[in-house]
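A quick write-up on the structure given underneath.
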Amino acid sequence: MKDLLRANSRCRFGISRVFNCWVRFYSSEPVPTTSFQPNDSLFRRISRAGHPNISMAAVLDRWLEEGRDVKQSELQRIIKQLRNYRRTCHALQVSMWMTNQRSHNLSPGDIAIQLDLISKVYGLQQAEKYFNSIPEDLRVFQVYGALLNCYAQNKSLEKAEAVMEKMRDLGSANTSLSYNAMLNLYLQLGKYEKLNTVIEEMEEKGIICDKFTYNIHLNAYGATSNFEGMEKLLKKMEVDPHVTVDWHAYIVAANWYLKTGLTEKCLVMLKRSEQLISGKTRRRAYEIFLTLYAAAGKRDEVYRIWNLYKNLGKALNSGYLCIISSLMKLNDVDGAEKILEEWENEHSVYDFRVPNCMISTYCRKGLLEKADAYVNRLIESGKEPGAATWDRLATGYYVNGKMEKSVETLKRAILASRPGWMPNRLTFAACLEYLRRQGNVEVVEELLELFRGRGHSLTDIYDKLGSSISNETLGSRALDQMEREEQIVSGETHEFVEFKDEGSS
């Protein structure tokens, strides 16, 4: 442990200084004051401090100032939960706070998770700097596996292959975890021959396929419309003694059948999948069923699944996101509005992702008056919309030809944003082009100055805009981008590739 403690001090390297600077930059929101409560817990405090600008370090420091103890195992559980809830920046803040407390010795798993979080929050370059600062004796398989995941998630093929080769040389590539990272990368890049080669290598080395390996392989068959291969693989999974086939495998098949218009086969797979749901995954499964039944046009099934979901207890925000977006896909606007009203009445903690989902769908359907009225109602009730809300409304105005309002709303989005935030780049490009055609140089300069004040250089702005300006398909692409962002928020990006990070606990 002495070596680990010594290594920890070396692991505190330059990223700590960078991190602390960014915490000050982001943490403009005051830490909520909390009166003493007998049943209070650190996790509850951190859960309530959900605003992205609140510093987790300040919450943790206050906890210590009150004379309370913080166990490393508790911090590790909190980091895991924050990652599950996609509060990545907050998870990194807790991880870095744990690093800076000299009473806590980081395990290789802690370092691997921290590497993953740095990549997600600061980008691949900072993650590489962090990795290079880790002492050689701590670069064990979990840490190399996390670096491999970073490269795979960023679709950096050559670097990922190099790390995988390094792991082979070290004898670390002896489980399905690292192979799954490469399989998933090849799947995302459409390199199916390489994917098959890796599966053959696993078979030759006797590396047992897990359910993640199988699900990636199922997706590869689906992506190439090889439904015969997909069905054979499902049968192989059903008799494999090393794998318990769960509901997720049939969801993968259902998704691909649906994408290719084979709706009846999709419905058969959904029914088969539903029979296998159990335990803690039930909520997540029902959320996926909601989106697939909506995509299949089965309104009655959507309501049936929603009732099953609510029978599990208090519905989560993620469930409300799924049901609202599903009903709007089915053009059941009245039903979606009733669900939204139900959510507003039952949830004391206001999660702006839910109203943002409604605003996005209003905008996509051209219901701008409803979107505008809803935002005004939020303001009147004391709930100040954030950058994401104004950005969605700006896109709605743009797509529906109301450019003057789009520009004005975009300004409000930028003013409500935090450092580093970017709006829908296609909407932004369209606004700049509109102002250029109007000869309104002053407003262009005003917008650019607002961005410079939030940490962007002109070069950065133009790089992000790319070739968007003057593109005839800009409007539809802006809506597509908004829909992709909404799917990420609601967990609806179902390529159905389950994948477990190295070092995850």
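Over segment 163-263, Cα pairs under 8 Å with separation of 6+ residues give a relative contact order of 23 percent. Among the trypsin sites (Lys or Arg not before Pro) found in segment 295-324, those both in a DSSP coil and sparsely packed, with 16 or fewer other Cβ atoms within 10 Å of their Cβ, are 314.
One decimal place: the segment residue 88-residue 275 gains 64.0 nm when fully extended, by the rule 0.36 nm per residue minus the C-alpha distance. Taking 22 Å as R0, compute the FRET efficiency from the Cβ-Cβ separation of residue 449 and residue 400 and round it to 0.05. In this case the efficiency is close to 0.20.
Report the FRET efficiency, 1/(1 + (r/R0)^6), for residue 440 and residue 311, where r is their Cβ-Cβ distance and R0 is 60 Å, rounded to 0.05. E(calc), rounded to 0.05, equals 0.60. With a ≥ b ≥ c the root eigenvalues of the C-alpha gyration tensor of segment 154-254, is it rounded (a/c under 1.5), prolate (a/b larger than b/c) or oblate? Because a/c hits 1.5 or more and a/b fails to exceed b/c, segment 154-254 counts as oblate. The slack in the chain from residue 373 to residue 175, taken as 0.36 nm per residue of separation less the alpha-carbon distance, amounts to 65.8 nm. Please sort by residue number the trypsin sites (Lys or Arg not before Pro) in segment 325-395 whose DSSP state is loop and whose Cβ has at most 15 other Cβ atoms within 10 Å. Loop-located and lightly packed - 365, 383. In a DSSP loop and with at most 16 other Cβ atoms within 10 Å, there are no chymotrypsin sites (Phe, Trp or Tyr not before Pro) in segment 109-144. Calculate the FRET efficiency for residue 383 and residue 238 from the Cβ-Cβ distance with a Förster distance of 56 Å, rounded to the nearest 0.05. For R0 = 56 Å, the calculated efficiency reads 0.65. Full extension of the chain between residue 101 and residue 159 gives 17.6 nm of extra length, using 0.36 nm per residue less the Cα-Cα distance. Classified by the C-alpha gyration tensor, segment 286-344 has an oblate form. Its axis ratio a/c, with a ≥ b ≥ c, is 1.5 or above, and a/b does not exceed b/c.
Each residue, residue 71 and residue 168, gets one label point 7 Å from its Cα in the Cβ direction; the gap between the two is 4.3 nm. For segment 137-180, what's the relative contact order in percent, using C-alpha pairs closer than 8 Å and at least 6 residues apart? It rounds to 38 percent for segment 137-180.
A short reminder: the numbers here are calculations on the coordinates, not readings from a lab. These figures come from a predicted structure and were not determined experimentally. Every residue, glycine as well, gets a Cβ built from its backbone with ideal geometry; the counts of neighbours run over all protein chains shown.
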